[in-house]
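Below is one structure, written out as structure tokens; comments come after it.
The values are calculated or read from the model by the stated rules, or taken from the named source; none is laboratory data. Keep in mind that this is a model prediction, so the values were computed, not measured. Because the Cβ atoms are built from the backbone with ideal geometry, glycine has one as well, and the counts that use them run over all protein chains shown. Only protein heavy atoms, including side chains, enter the accessible area calculation; ligands, DNA and RNA are left aside. Shrake-Rupley method; radii C 1.70, N 1.55, O 1.52, S 1.80 Å.
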Amino acid sequence: GGSIISSEVGQFRVSGDRGTVRRLDMALYEPICSAMADEYNWVSLASTFAMENALSDYIAANPSRLGAGLVAHPSINVREESFPDRTRADVVLQNAASEVVVVECKQGVPTTENIDQLLGYIRHLADKYPHEGKVRGILVHGVTRRVSDSVRRYAKVHEVALVHHELSVAFANSG
């Protein structure tokens, strides 16, 4: 006995402990191949350990890896600058033009809501440190390099840079 898995594209019969697919309607083959070929549908296999925190810590310690001329901000909390509404910016840097740059880290595909969150941090920093001048924003995201047109346009209108990150781990004998 197996179980039936229903989806928008049809039903598949699954059997055994490994969930082996036993039958596939050939009319579904092309749409499935097309969906698999579209990188926008890919998801990261990285686990959801505290990646956003680890990424924020890494950027704070190595800001030039995010962009040339970026450094830890000399007079604002670099990690988790807090605001009156109890929100916190992930990372606060300074660019080569001495502008404040706030970085928001997300594991997933960027959304307009993520950009709105970052825009809130930009406003908070501009209000809290008016003598610092213009505040820029970078949304660092994972999963795929491809971003929907609507999110790309929204980011451009609001002058938010979108930067993709990838997790890479290598192991080597130390002996």
(message) For the stretch 88-98: of the residues being open to solvent by 40 Å² or more (accessible area, probe 1.4 Å) and in contact with a helix residue (DSSP H, G or I) (Cβ under 9 Å, 6 or more places away or on another chain), which is nearest to Tyr58 (Cα to Cα)?
(response) Arg88
(request) Could you grab the pairs with beta carbons closer than 7 Å, sequence gap of 6+ or different chains, first residue in the stretch 65-82 and closer than 15 Å to Glu99 by Cβ, second one loosely packed, with under 13 Cβ neighbours inside 10 Å and hydrophobic (A, V, I, L, M, F, W, C)? (result) Gly69/Ala96
(request) Being open to solvent by less than 80 Å² (accessible area, probe 1.4 Å), of a type in the set (A, V, I, L, M) and more than 15 Å from Val101 (Cβ to Cβ) is the filter; apply it to the stretch 38-64 and report the residue that is modelled with the lowest pLDDT. (result) Ala46
(request) Read through the list (1) over 14 Å from the mean Cα position of the chain (by Cα); (2) open to solvent by 20 Å² or more (accessible area, probe 1.4 Å); (3) not hydrophobic (A, V, I, L, M, F, W, C), then give the number of the only condition that Gly120 fails. (result) (2)
(request) Could you look through the stretch 67-86, keep only residues that are at pLDDT below 90 and either within 18 Å of the chain's Cα centre (by Cα) or among the aromatic types (Phe, Trp, Tyr) (or both), and pick out the one that is least open to solvent (accessible area, probe 1.4 Å)? (result) Phe83
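For the stretch 130-138, check the following and say yes or no: at least one residue is within 11 Å of the chain's Cα centre (by Cα), closer than 18 Å to Tyr58 by Cβ and modelled with pLDDT of 95 or more.
First, pick out the residues of the stretch 130-138 that are within 11 Å of the chain's Cα centre (by Cα): 138.
Now drop any that are not closer than 18 Å to Tyr58 by Cβ, which leaves 138.
Keeping just the survivors that are modelled with pLDDT of 95 or more gives 138.
Checking the stretch 130-138: at least one residue is within 11 Å of the chain's Cα centre (by Cα), closer than 18 Å to Tyr58 by Cβ and modelled with pLDDT of 95 or more.
Kindly provide the set of residues from the stretch 144-175 that are out of contact with any Phe, Trp or Tyr (no Cβ under 7 Å at 6 or more places or on another chain), of a type in the set (Val, Ile, Thr), in a loop (DSSP other than H, G, I, E, B) and in contact (Cβ under 8 Å) with a residue 24 or more places away in the chain, ordered by number. Can you show your working first?
Taking the stretch 144-175 as the starting set, the residues that turn out to be out of contact with any Phe, Trp or Tyr (no Cβ under 7 Å at 6 or more places or on another chain) are 145, 147-175.
Remaining after also requiring of a type in the set (Val, Ile, Thr): 147, 151, 157, 160, 163, 169.
Now restrict to residues that are in a loop (DSSP other than H, G, I, E, B): 147, 169.
Val147, the sole residue that qualifies.
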